[in-house]
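Single-structure report; data block below.
Just so it is clear, none of the values below were taken in a lab; they were calculated from the coordinates. Here the structure is a predicted model, which means the values were calculated and not measured. Cβ sites come from the backbone with ideal geometry, for glycine too, and all protein chains shown count toward neighbours.
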Amino acid sequence: MNATISGPASTPEQPRRSRRSTGFAGLLACGLVLLMASGCSHQESLAQGGNYPWHRDIVATTFWVGEIFDATAADGSQVYSTYDNDWEASYGGCDGVLTPECSTEPRTAANGYMPTSMTPKENPFYLDLPYDDVNDPKAFAERSTVIPWANEPEYAGQATNRNFSYMKNRWVKLVMNDRVCYGQIEDAGPGQYHDAEYVFGSNDARPVNKNFNGAGMDVSPAINGCLGFSELDGEDDRLSWQFVDEADVPAGPWRTTVTTSQVNN
C-alpha cells in the first residue's frame, strides 16, 4: 500500500466506512490462565457478566491500518479512519506487509500478535462497531443519550464537540470458543454508522448491516490471531462481545500499547 493514497475527508453527511471490513499468551479474564491454555469454557466466559450487555454469535471480519479495500470509494481506505485523517501515520505505518500494497498477515502468540515488519505506535488490538458518533448526523445528535458512559465525568460537556468521540478508544471484550481477548474501538463500521439498537441495546439485537454475511464488527489482524479465526480475511467467524471499562481489562498483549489519542480530523 502506498501511504500517499488517501480518500476524501469525511463530512457529517458522508461517514467514512462501509466494507466487508472482509501476543505471547496473555492473562485472561477467566482467572490467571494462559490464553493458549485457557481452562474456562465459552459459556463460563460469557457468564462473568459485567456492566454492559453481551452481544452473542456476531459475524466479525478483518481489516487493518493501511488497507485499500476500494480506492474509488470515499470510505474504502484504511489509510484514515472515521476518527483520524492520518490513521496510518498515527499508527506508525502499514499494519501488515508491503507486497507492494499493504496486505495483512497471520499473527501468532510468539510475538504477542504484533506485525512482523513494523512496531505500532498505537494499540494493534483495534476494532470497529457500526456507530460513528462524530461524523454520522444521527449518531452525533443522539450520542449523549444512547451511549451508556456518556454521563461519566470524563465525558462531561462534550456532547456538541465534534473533535471529541465517546466511542474512540473504548475497550471491548471478545470471546470466541475458549479464547478471550480485548481491543479498543478505533473506527466505525461495517456498513452502518448509527446502529444504536445493536451496539448499545440489551436485547442482543442483530446488526442492521446485511452485507458481508451480516457482519457486526471488523477486527484487527492481532485480534484475528488472538481469537484464532479460521480465516485471515473471511466472513464466517463468529464471536461474542461486550463493552468493558478500562479498569476491568486484564493484563495481556492488548495492553502493550494503549491508544489514548482523540479525534484527528
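What's the Kirkwood radius of region 53-255 in Å, using all Cα pairs? By the Kirkwood definition, the hydrodynamic radius is 17.1 Å.
Centre-to-centre, using Cα atoms only, region 106-151 and region 152-169 are separated by 15 Å. In this structure, the amide hydrogen of Asn85, modeled 1.01 Å from its nitrogen in the peptide plane, lies closer than 5 angstrom to those of Asn264, Asn265, counting only residues at least 5 positions away or on a different chain. When the Cα atoms of region 100-143 are aligned to their principal axes, the ranges along those axes come out at 43, 25, 18 Å in descending order. For region 119-132, 3J(HN,Hα) computed residue by residue from phi via the Karplus equation (6.51, -1.76, 1.60; θ = phi - 60°) reads 10, x, 8, 10, 5, x, 8, 10, 7, 10, 9, x, 8, 9 Hz, glycine and proline entered as x. Projecting label points 7 angstrom from Cα along Cα→Cβ for Glu235 and Ala150 puts them 3.2 nm apart.
Ranked by the mean number of other Cβ atoms within 10 Å of their residues, highest first, the peptides 210-219, 250-259 fall in the order 210-219, 250-259.
Between Thr108 and Val208, the contour length at 0.36 nm per residue exceeds the Cα-Cα span by 32.8 nm. The modelled label-to-label distance between Thr119 and Asp86, using points 7 Å beyond Cα along the C-beta direction, is 2.0 nm. Listed by chain and number, the lysines whose alpha-carbon sits under 22 Å from that of Lys138, ignoring those within fewer than 8 places in the same chain, are Lys168, Lys210.
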